Amino acid sequence: MQLHKKLVLQDLELIKQFQDYWFSCLDTLSPAQLKQRIAVNATDKPIPETALLHTLVFEQVSLRPEQMAVITSDRTLTYLEVGDRAINLTHHLQ
């Protein structure tokens, strides 16, 4: 159990570390790639101010479980995998 908690925390730390890297990569995208990124991230639906992150994630788990949610240079996670890891983390934190 402790090992799994440690792995989840390591995953979260990797995401944090790669945040600056991914933003710097925007400069290297081709116009077509940048257009695709903008389209994928475009939303007409505002996020309610009272929304909690976990509810937004689990909404995506139910809508598109097999779609990529996290992409790094050495791994990808689907929304379902992110949701599973979030559930496991909550069990370990209780």
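The values are calculated or read from the model by the stated rules, or taken from the named source; none is laboratory data. Computed from a prediction, not measured in an experiment: that's the story for all the values here. Note: ideal-geometry Cβ built from the backbone for every residue, glycine included; neighbour counts use all protein chains shown. Calculation scope for accessible area: heavy atoms of the full protein, side chains included, ligands and nucleic acids excluded. Shrake-Rupley method; radii C 1.70, N 1.55, O 1.52, S 1.80 Å.
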* Asked: Relative to the present Cα-Cα distance, how much length would full extension add between residue 58 and residue 39 at 0.36 nm per residue of separation?
  -> 4.7 nm
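Could you please state how large a percent of the accessible area of the chain is carbon and sulfur, counting protein chains only and using a 1.4 Å probe? Provide the component values of the computation, followed by the final result.
On the way: 4660 of 7750 Å².
Result for the chain: 60 percent of the exposed heavy-atom area is carbon or sulfur.
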* Local electrostatic count, residue 8, Cβ distance below 14 Å [Lys/Arg +1, Asp/Glu -1] -> +1
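Round to the nearest 0.05 the FRET efficiency obtained for residue 12 and residue 32 when R0 = 25 Å and r is the Cβ-Cβ distance. Kindly include the intermediate steps, with their values, before the conclusion.
Values: r = 32 Å, r/R0 = 1.26.
That gives a FRET efficiency of 0.20.
What's the magnitude of the charge dipole for the chain around its Cα centre, counting Lys and Arg as +1 and Asp and Glu as -1 at the beta-carbon? Answer in Debye, nearest 20. Show your work: numbers first, answer last.
Details: 9 positive and 11 negative charges, 15 e Å.
With only Lys, Arg, Asp and Glu charged at Cβ, the dipole is about 80 debye.
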* To do: Find out how many positive minus negative residues lie around residue 83, taking Lys and Arg as positive, Asp and Glu as negative, among other residues whose Cβ is under 14 Å from that of residue 83.
  => -3
* Helix runs (DSSP H) in the chain reaching 27 Å along axis by Cα, Kyte-Doolittle at least -1.0 -> 2-25
* Structure fact -> the chain accessible area per residue, 1.4 Å probe, protein heavy atoms, integer Å², reads 82 Å²
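Work out, step by step, the length gained on full extension between residue 84 and residue 4: first 0.36 nm times the residue separation, then minus their alpha carbon distance; give nm to one decimal.
Details: separation 80, 0.36 × 80 = 28.80 nm, distance 1.18 nm.
Stretched out fully, the residue 84 to residue 4 stretch lengthens by 27.6 nm.
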* So what does log10 I(q)/I(0) come out to for segment 27-77 at q = 0.17, 0.21, 0.24, 0.30 Å⁻¹, using the Debye formula with one equal point on every Cα and no solvent? -> -0.75, -1.02, -1.12, -1.17
* Only one of the values (1) 22, 14, 12; (2) 26, 19, 12; (3) 29, 14, 10 was calculated from this structure for semi-axes √(5λ) of the Cα gyration tensor in Å; name its label. => (2)
